[in-house]
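Below is one structure, written out as structure tokens; the observations come after it.
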Amino acid sequence: MSISEKTLADLGWAEVQKGLGERCRTEPGKARALCRPFLESAAEVKAALTLVAEARRLREEPLLLPLTGVAELRPSLERAEKGALLEPRELVAVTHALFSFERVREALDQRAQALPALAAVGRRVPLLEALATRLDRSFEASGELSDRASPELREVRDRTRGLHRSIKARLEGLLRDEKFTTNLREGYFSVRNDRYVLPVLAQFRAEVPGIVHNASQSGQTLFVEPQELIGLGNDLAIAQSLVLEQERRVLQELSEAVGRVAGSIAEGVEACAALDEAEGAAKLALDLEAQAPELEAADGPLVLEGLRHPLLVARGHEVVANDVRLSGQSRAMVVSGPNAGGKTVTLTAVGLCALMLRAGLPVTASAGSQVPLFRSVHSVVGDAQDLEKGLSTFSAHVARLKEIAEAATGDSLVLIDEIAADTDPREGAAIAIAVLEDLLERGALVLVTTHLEELKALAHLDLRFVNARVGFDARRMAPTYRLQLGVSGTSSAIDIAARTELAEKICARARELAKNSGGPLAKAVAAAEQERRRLAEEADRAQADASAAHTTRESLDHERREFEARRIADEQRFREALEAELQFAQRQVRELLDRLKTQASQADLAAAERELAARVAGQDRALRAMREKRAEAEGPRGPADLRVGGRVHHRGLGQDVEILDLESDDAVVAAGALRTRAKLTQLGPARGAAPRSAFPKADKRPERLERAEAAAPRAAVTTGPTCDVRGLRAEDALRDVEHFLDRALRDGEDSAVVLHGHGTGALKTSIRSYLASSPYIQSFRPGEGHEGGDGVTVVRLRA
């Protein structure tokens with residue numbers, strides 16, 4: 001790889017590395033990310049992209065590898081390997097790393113089939129359980145050596161603690177002696193030079209025999225170790241020296257144990273750093289919405305679909321996505337258009353994507369993009385003026401072009417911003433064309449930005465060149481940042497000057513002068529730009545018309561929904577009125593029947609029968625009138641199928657019927673077995689589908705029962721105690737799980753089950769995040785199918 005520091009600075013590569021490092025969780029991972037190298041071969045690039053893709057899938061589970069206990073141990077390991085004594089904090093850091101090694105290996109071994117690349121890195125992590133247990137037993141949570149570190153250490157510490165208690169008891173006895181306390185400044189004792197002393201008034205020094213270990217600044221108070229405590233003080237000093245000796249011996253033993261496997265631990269730290277870096281790269285890819293492109297040879301096509309500048313996306317800016325394509329004979333892209341329109345952004349975005357791919361990172365373009373593996377990237381971006389060397393802007397620019405022309409090869413990407421711009425336009429264009437032709441002869445892929453007309457014309461004369469422009473919205477007087485391929489653009493300098501509030505008088509005079517300046521190409525480009533603006537205005541008007549039509553359609557849809565709601569309400573009221581009429585008719589019939597039961601004469605029965613018939617006829621007329629009124633209120637629903645055999649809706653009967661015969665104003669219709677004559681005005685479009693004959697089907701109830709029984713969820717089969725937290729809030733659930741694990745550990749259980757269910761997944765995520773950091777847990781995993789699946793978490797408790 002050949003990439004200069006100047007190119008890396010021009011493209012902002014350090015900011016990509018910084019973004020990657022910020023997303024790592026360990027110091028070794030961050031250090032590795034900040035110096036992530038460019039990979040030499042396509043195989044290495046593919047392997048790195050695979051690692052990032054697997055880490056991305058792991059985050060989507062969601063799961064983060066338990067790497068937080070891994071620190072930068074390599075300096076301590078080097079010292080331990082040489083026999084040096086490690087401090088307790090260094091040994092504690094080693095302890096945390098060893099336990100993290102175990103959890104990382106277990107997590108990746110469980111997913112070896114789904115994540116083979118990550119699992120392969122995880123197999124570099126050593127399993128040193130015995131050493132981890134020995135170190136863990138030797139230190140307290142505060143980081144101090146524990147009495148459990150060795151029997152000898154416990155013995156001498158017990159001796160020391162006993163001497164402390166004896167001396168304090170003797171001192172407290174002296175302080176309770178009222179006669180003795182008159183010799184003291186205050187009633188307390190303290191420690192000076194690791195000896196217990198009393199604050200004795202200087203004038204009473206003779207009254208308190210002993211050794212003076214210190215004095216106050218004024219000399220009025222002497223700190224005296226009483227004579228009767230000197231022997232105990234000496235014994236305490238001896239005991240404390242023995243404690244220090246035993247602590248040093250234990251630390252030496254532990255340091256030697258670490259030193260014997262320092263190489264393995266260092267390899268584990270390096271592997272964890274690689275895993276952390278892969279997770280950081282996955283997080284960066286997710287944040288940038290980056291995708292892995294298809295790798296191409298250096299002379300292959302460059303196709304970036306939906307390209308966005310990585311740094312702008314990382315900063316949270318709204319970025320316009322653009323397509324960049326150089327394929328076939330096209331090997332150079334000439335980007336033109338207004339200042340501040342995004343030309344340089346396009347250039348640096350392409351360069352950064354080339355660097356990111358070489359570093360094994362996904363690029364900020366859509367899936368399916370194609371990017372060659374360039375072995376060198378050269379850039380000229382910004383003002384290259386060098387006052388110390390006496391170089392003007394143009395001289396420094398040409399010097400940089402010379403360096404690139406000498407270094408470019410067939411696998412180079414060259415990015416030049418505003419080529420040969422700071423000199424006479426005619427001579428500058430000649431130099432630019434000559435440089436570009438030379439670079440293409442060397443086989444390089446080139447992207448340049450320019451305002452020079454002669455460079456815009458190259459695409460019409462040489463198939464190796466292709467034009468592109470960044471757009472300018474004349475109506476808003478602002479760039480669109482949209483890259484258009486195949487066309488050249490104008491600089492729109494006067495429009496931009498007007499936008500920056502240059503005096504209108506000056507802008508008007510500039511437009512007048514510009515009309516009569518420039519060659520044929522400039523005039524053709526201006527005419528094309530004017531035509532483009534006209535078409536853009538027509539497109540805007542068409543879009544406004546389409547928007548108005550859409551608004552009208554939405555209004556009509558709203559009115560239709562309101563009409564349908566009113567129709568349903570009217571139908572509901574009709575049904576309620578009809579039901580009331582029927583209930584009234586039923587009451588009348590019951591009254592008549594009751595009267596018939598009490599009347600015996602034939603005449604009375606005949607009169608009752610006539611009355612019943614009259615009431616039925618009256619109800620029938622009322623029902624027909626109500627239906628006709630409802631039909632009139634509903635209005636026509638479209639043309640009825642008025643033909644023999646057609647189906648229509650009879651508003652009087654309130655149901656669909658079939659037409660048997662048609663006359664001028666009447667029709668004979670059939671409703672099932674009933675035939676009747678109806679006015680054509682009573683007929684409307686059918687409301688339902690035509691009835692179809694159906695034959696009895698075989699009874700499939702046994703088959704349906706078997707299918708239902710097969711699909712029914714089976715009860716989860718779990719081993720060990722179970723904690724059911726379904727339906728609880730996350731805070732309450734975590735408290736119950738902690739108490740449950742505490743009881744299970746006290747009861748000597750090897751494993752346990754937490755039943756949290758599926759739900760939205762929030763409770764499951766909270767519980768598993770807690771389990772990942774719980775001191776009770778050796779490992780955990782989702783349940784198998786027979787255990788309850790992902791709705792349970794099976795945990796393995798520490799011994």
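The values are calculated or read from the model by the stated rules, or taken from the named source; none is laboratory data. As the structure is a prediction and not an experimental result, all values here were calculated from the model. Counting neighbours? That spans all protein chains shown, and the Cβs are built from the backbone with ideal geometry, glycine included. Just the protein is used for accessible areas: all its heavy atoms, side chains included, with ligands, DNA and RNA removed. Shrake-Rupley method; radii C 1.70, N 1.55, O 1.52, S 1.80 Å.
Every condition in (1) open to solvent by 80 Å² or more (accessible area, probe 1.4 Å); (2) at pLDDT 80 or above is met by Arg701 except one, and the failing one is (2).
Pick from Ser264, Ser218: which is touching a residue at least 12 places away in the same chain (Cβ under 8 Å) and among the hydroxyl-bearing types (Ser, Thr, Tyr)?
Numbers: Ser218 fails: touching a residue at least 12 places away in the same chain (Cβ under 8 Å).
None of the others qualify; the one that does is Ser264.
Kindly evaluate Phe38 against the criterion of being at pLDDT below 95, aromatic (Phe, Trp, Tyr), in contact with a helix residue (DSSP H, G or I) (Cβ under 7 Å, 6 or more places away or on another chain) and more than 30 Å from Leu311 (Cα to Cα). I'd like the intermediate steps shown before the answer.
Working: at pLDDT below 95: yes; aromatic (Phe, Trp, Tyr): yes; in contact with a helix residue (DSSP H, G or I) (Cβ under 7 Å, 6 or more places away or on another chain): yes; more than 30 Å from Leu311 (Cα to Cα): no.
In short, no.
Check whether at least one residue in segment 161-171 is surrounded by fewer than 14 Cβ atoms within 10 Å (Cβ to Cβ), part of a helix (DSSP H, G or I), of a type in the set (D, E, K, R) and in contact (Cβ under 8 Å) with a residue 12 or more places away in the chain, and report yes or no. Checked segment 161-171: at least one residue is surrounded by fewer than 14 Cβ atoms within 10 Å (Cβ to Cβ), part of a helix (DSSP H, G or I), of a type in the set (D, E, K, R) and in contact (Cβ under 8 Å) with a residue 12 or more places away in the chain. Criterion first (free of Cβ contacts under 8 Å to residues at least 40 places away in the same chain, over 27 Å from Ala14 (Cβ atoms) and acidic (Asp, Glu)) does Glu40 satisfy it? No.
Determine if segment 523-530 includes at least one residue that is exposed (fewer than 14 other Cβ atoms within 10 Å of the Cβ), assigned to a helix (DSSP H, G or I), among the hydrophobic types (A, V, I, L, M, F, W, C) and modelled with pLDDT of 70 or more. Looking for residues that are exposed (fewer than 14 other Cβ atoms within 10 Å of the Cβ), assigned to a helix (DSSP H, G or I), among the hydrophobic types (A, V, I, L, M, F, W, C) and modelled with pLDDT of 70 or more, one finds none in segment 523-530, hence no. A residue that is open to solvent by 20 Å² or more (accessible area, probe 1.4 Å), more than 24 Å from Lys764 (Cβ to Cβ) and free of Cβ contacts under 8 Å to residues at least 40 places away in the same chain cannot be found anywhere in segment 49-66. Being within 30 Å of Ala14 (Cα to Cα) and β-branched (Val, Ile, Thr) holds for only one residue in Val94, Val52, and it is Val52.
Does Arg567 meet the test of being part of a helix (DSSP H, G or I), open to solvent by 50 Å² or more (accessible area, probe 1.4 Å), more than 20 Å from Gly341 (Cα to Cα) and modelled with pLDDT of 70 or more? Walk me through how you get there before you give the answer.
Values: part of a helix (DSSP H, G or I): yes; open to solvent by 50 Å² or more (accessible area, probe 1.4 Å): no; more than 20 Å from Gly341 (Cα to Cα): yes; modelled with pLDDT of 70 or more: yes.
No; evaluated as a whole, the condition is false for this residue.
On the given criteria, is Arg726 farther than 19 Å from Arg796 by Cα, touching a residue at least 24 places away in the same chain (Cβ under 8 Å) and charged (D, E, K, R)? Yes; evaluated as a whole, the condition is true for this residue.
Counted as qualifying within segment 365-470 are the helices (runs of 4 or more DSSP H) with 3 or more residues that are under 45 Å from the mean Cα position of the chain (by Cα) and not charged (D, E, K, R), namely 393-407, 425-441. Summed over segment 463-478, residues that are modelled with pLDDT of 75 or more, farther than 12 Å from Gly337 by Cα and in contact with a helix residue (DSSP H, G or I) (Cβ under 8 Å, 6 or more places away or on another chain) total 3.
Tell me, please, whether a residue that is part of a helix (DSSP H, G or I) and not aromatic (Phe, Trp, Tyr) can be found in segment 61-72. Lay out the reasoning, then the answer.
In the first step, residues of segment 61-72 are kept if they are part of a helix (DSSP H, G or I); the result is none.
No: segment 61-72 contains no residue that is part of a helix (DSSP H, G or I) and not aromatic (Phe, Trp, Tyr).
Just wondering, is there one or more residues in segment 96-103 that are more than 24 Å from Asp790 (Cβ to Cβ), modelled with pLDDT under 95 and in contact with a His (Cβ under 7 Å, 6 or more places away or on another chain)? Scanning segment 96-103 turns up no residue that is more than 24 Å from Asp790 (Cβ to Cβ), modelled with pLDDT under 95 and in contact with a His (Cβ under 7 Å, 6 or more places away or on another chain).
When segment 725-752 is examined, which residues are found to be outside any helix (DSSP H, G or I) and open to solvent by less than 80 Å² (accessible area, probe 1.4 Å)?
Initially, segment 725-752 is screened for residues outside any helix (DSSP H, G or I), giving 725-729, 747-752.
Listed by number, the residues that qualify are Val725, Leu728, Gly748, Glu749, Ser751, Ala752.
Considering segment 91-108 alone, what residues qualify as being within 18 Å of Ala273 (Cβ to Cβ) and open to solvent by less than 50 Å² (accessible area, probe 1.4 Å)? Ala93, Val94, Ala97, Leu98, Phe99, Ser100, Phe101, Glu102, Val104, Arg105, Ala107, Leu108, listed by residue number.
Residue-level check: of (1) in contact with a Leu (Cβ under 7 Å, 6 or more places away or on another chain); (2) surrounded by 14 or more Cβ atoms within 10 Å (Cβ to Cβ); (3) not in a helix (DSSP H, G or I), Arg796 misses just (1).
Mind listing just one residue for me: the one in segment 172-187 that is in contact with an Asp or Glu (Cβ under 9 Å, 6 or more places away or on another chain) and free of Cβ contacts under 8 Å to residues at least 40 places away in the same chain and, of those, surrounded by the fewest Cβ atoms within 10 Å (Cβ to Cβ)?
This residue is Thr182.
Just one of the listed residues (Glu144, Glu81) is open to solvent by 90 Å² or more (accessible area, probe 1.4 Å), in contact with a Gly (Cβ under 6 Å, 6 or more places away or on another chain) and touching a residue at least 40 places away in the same chain (Cβ under 8 Å), and it is Glu81.
If we scan segment 479-492, do we find a residue that is modelled with pLDDT of 70 or more, over 19 Å from Val335 (Cα atoms), open to solvent by less than 60 Å² (accessible area, probe 1.4 Å) and outside any loop (DSSP other than H, G, I, E, B)? Checked against the condition, which is being modelled with pLDDT of 70 or more, over 19 Å from Val335 (Cα atoms), open to solvent by less than 60 Å² (accessible area, probe 1.4 Å) and outside any loop (DSSP other than H, G, I, E, B), segment 479-492 yields no hits at all.
Here's a check for you: in segment 277-299, which residue that is open to solvent by less than 50 Å² (accessible area, probe 1.4 Å) and closer than 29 Å to Leu440 by Cα is nearest to the chain's Cα centre (by Cα)?
Step one: filter segment 277-299 for residues open to solvent by less than 50 Å² (accessible area, probe 1.4 Å), giving 277-282, 284-285, 288, 290, 293, 295-296, 298.
Next cut, closer than 29 Å to Leu440 by Cα only: 293, 295-296, 298.
On the way: Pro293: 20, Leu295: 25, Glu296: 29, Ala298: 33 Å.
Among those that are open to solvent by less than 50 Å² (accessible area, probe 1.4 Å) and closer than 29 Å to Leu440 by Cα, it is Pro293.
Filtering segment 300-312 to residues that are surrounded by 19 or more Cβ atoms within 10 Å (Cβ to Cβ) and under 23 Å from Gly19 (Cβ atoms) leaves Leu304, Leu307, Arg308, His309, Pro310, Leu311. Entry remark, segment 744-799: residues being at pLDDT 85 or above, aromatic (Phe, Trp, Tyr) and over 22 Å from the mean Cα position of the chain (by Cα) number 1 in total. Checking each residue in segment 109-130 for being assigned to a helix (DSSP H, G or I) and surrounded by fewer than 19 Cβ atoms within 10 Å (Cβ to Cβ) picks out Asp109, Gln110, Pro116, Ala117, Ala119, Ala120, Glu129, Ala130.
Among the residues of segment 313-355 satisfying the criterion of being polar (S, T, N, Q) and surrounded by 23 or more Cβ atoms within 10 Å (Cβ to Cβ), which is nearest to Leu455 (Cα to Cα)?
Of all residues in segment 313-355, those polar (S, T, N, Q) come to 322, 327, 329-330, 336, 339, 344, 346, 348.
Subsequent filtering for residues that are surrounded by 23 or more Cβ atoms within 10 Å (Cβ to Cβ) retains 322, 336, 346.
Working: Asn322: 22, Ser336: 9, Thr346: 18 Å.
Residue satisfying both the conditions and the ranking: Ser336.
Would you check if there is a residue in segment 98-106 being aromatic (Phe, Trp, Tyr) and in a helix (DSSP H, G or I)? Lay out the reasoning, then the answer.
Restricting attention to segment 98-106, the residues satisfying the condition of being aromatic (Phe, Trp, Tyr) are 99, 101.
From what is left, the residues that are in a helix (DSSP H, G or I) are 99, 101.
Looking through segment 98-106, at least one residue is aromatic (Phe, Trp, Tyr) and in a helix (DSSP H, G or I).
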